[in-house]
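The values are calculated or read from the model by the stated rules, or taken from the named source; none is laboratory data. Worth saying up front: this structure is predicted, and the values here are computed from it rather than measured. Methodologically, a virtual Cβ is constructed for each residue, glycine included, from the backbone with ideal geometry; neighbour enumeration extends over all protein chains shown.
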Amino acid sequence: MKLKDLEIFTVAPPAPGWGGRYWIFVKLTTDDGIAGYGECYASTVGPRAMAAVIEDVFARHMAGERPDAIELMFRRVYSSGFTQRPDPTVIGAFSGLEIACWDILGKARNLPVWAMLGGRINERLRSYTYLYPGPAQDQARFWVDADMAAEAAAARVAEGFTAVKFDPAGPYTIRGGHDPAQSDISRSVEFCAKIRAAVGDRADLLFGTHGQFTVAGAIRLGQALEPYGPLWYEEPIPPDNLLDFAEVARAVRIPLATGERMTTKTEFAMLLRAGGVRILQPALGRAGGIWEGKKIAVLAEGFSAQVAPHLYAGPVEWAANIQLGASIPNLLMVETIEQGGDFQLKLIRNAIRWEDGYVTVPDAPGLGIDFDEDLARAHPYTGQRLHLEMQEAPCDWRNGNRFEGGAPAATV
């Protein structure tokens, strides 16, 4: 059984578009007709350019190989062009292709992926969601209105969620870390206070940022949030100096979580060796795939760290997260877009079940999903913007900041 054909689906989710402006799915087919699906969470270049990268990685390093040659293919990609270092674009391309290989292997052997990763230790996985505005709510206002966020949190907890994430801390910009405006700190404190009052001790608060701050700014903000007991303080500084996370951790009494923008065990190992981060959030469609995710989890276990796979993408990466999560003892929880997302679930023909705050691990072969190719083709992304984009304007210390989360489908 050898890898033979590649097909790429670049899909634009309909409004409200939570999960990004588009999702890139790959389909690999073997010479004996077994198909597997993966997802690439990489957006450093435009979608057409990314498709070309995926095609090159497949043709150069994977075509004609056995789908179980995971380690060999990874080493080829990691070393491509005399590099041997993390590269979010090339490794992101490989990540989706690697996930598809596991889907193929499971189907060929009539086993779920988790059964090939050491077996299932978790039959259901604790799930959390970002707080998103409802269809009748003012989306721009939602991201800066603590009362609306508290109302949304109470609704999610009533559904069964035991953890909710929110990010009121202002813009993330191309200028690197900045000191938060005092109004950003005040708004963040208000969000924590009102959400905590709304949910009590029935749910954990997950305070999200996107690498906005300098070390000093992250410390100022984090210390202001401590009285509300968040379970984690996510990515408070940019990911380009991994050693700085330890300095933030020494000064803030909230566990640090990070990993969405990191790739391969190399970067996660540096975090663990430096100390400070005890919750790792690999995005499997960027970090290297399922096998690399398993290695990251093993490293984390040796440092008494937990894993909470990140998700701001489509349902195939979600399915990969679930397979990995089922197999690791140090899973904290998995990210879910609300209860799975209406369009996301349609794309996999409702093959994954969310119930009362947990995702049930599927028993079906491979990733346990049934990908709807016709639906994917019916929603092509034809624009040239990136999956997510950062603000060019600096933080506004005078007039306040407004941050609109995600990448709504209305933008092209």
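Of the conditions (1) of a type in the set (Val, Ile, Thr); (2) surrounded by fewer than 20 Cβ atoms within 10 Å (Cβ to Cβ); (3) under 30 Å from Arg76 (Cβ atoms), Thr214 fails just one. Which one is it?
All conditions are met except number (3).
Filter segment 333-359 for residues that are touching a residue at least 60 places away in the same chain (Cβ under 8 Å) and in a helix (DSSP H, G or I); which is surrounded by the most Cβ atoms within 10 Å (Cβ to Cβ)?
Top of the filtered list is Leu347.
Being in contact with a strand residue (DSSP E or B) (Cβ under 8 Å, 6 or more places away or on another chain), part of a helix (DSSP H, G or I) and farther than 22 Å from Trp23 by Cβ narrows it down to one residue among Ala320, Ala300, Ala224; which is it?
Ala300
Only one residue in Tyr132, Tyr172, Tyr128 is of a type in the set (Ser, Thr, Tyr) and at pLDDT 95 or above. Which one?
Tyr128
When you scan segment 64-86, how many residues do you find that are loosely packed, with under 14 Cβ neighbours inside 10 Å and hydrophobic (A, V, I, L, M, F, W, C)?
Looking only at that region, the number is 2.
Could you give every pair whose Cβ atoms fall below 8 Å, whose first residue belongs to segment 1-22 and is closer than 17 Å to Gly46 by Cα, and whose second residue is among the charged types (D, E, K, R), counting only separations of at least 6 or pairs across chains?
Within 8 Å, the pairs are Ile8/Lys27; Ile8/Glu55; Phe9/Lys27; Phe9/Glu373; Phe9/Arg377; Ala12/Arg21; Arg21/Arg385.
For segment 1-67, which fully contained strands (runs of 3 or more DSSP E) count at least 2 residues that are among the charged types (D, E, K, R) and farther than 30 Å from Thr129 by Cβ?
In segment 1-67, 3-11 are the strands (runs of 3 or more DSSP E) which contain 2 or more residues that are among the charged types (D, E, K, R) and farther than 30 Å from Thr129 by Cβ.
Exactly one condition in (1) at pLDDT 95 or above; (2) within 21 Å of Gly259 (Cα to Cα) is false for Arg48; which is it?
Of the numbered conditions (1) at pLDDT 95 or above; (2) within 21 Å of Gly259 (Cα to Cα), the odd one out for Arg48 is (2).
What's the total number of residues in segment 261-278 that are touching a strand residue (DSSP E or B) at 6+ places or on another chain (Cβ under 8 Å) and surrounded by 22 or more Cβ atoms within 10 Å (Cβ to Cβ)?
3
Based on what the data block shows, is Ala326 among the small types (Gly, Ala, Ser), touching an Asp or Glu at 6+ places or on another chain (Cβ under 9 Å) and at pLDDT 95 or above?
Yes.
Mind listing just one residue for me: the one in segment 263-304 that is small (Gly, Ala, Ser) and under 18 Å from Ile99 (Cβ atoms) and, of those, nearest to the chain's Cα centre (by Cα)?
Filtering first and then ranking leaves Ala283.
Picking from Asn321, Asn330, which residue would you name as being crowded, with 24+ Cβ neighbours inside 10 Å and touching a residue at least 24 places away in the same chain (Cβ under 8 Å)?
Of the residues listed, the single one that is crowded, with 24+ Cβ neighbours inside 10 Å and touching a residue at least 24 places away in the same chain (Cβ under 8 Å) is Asn321.
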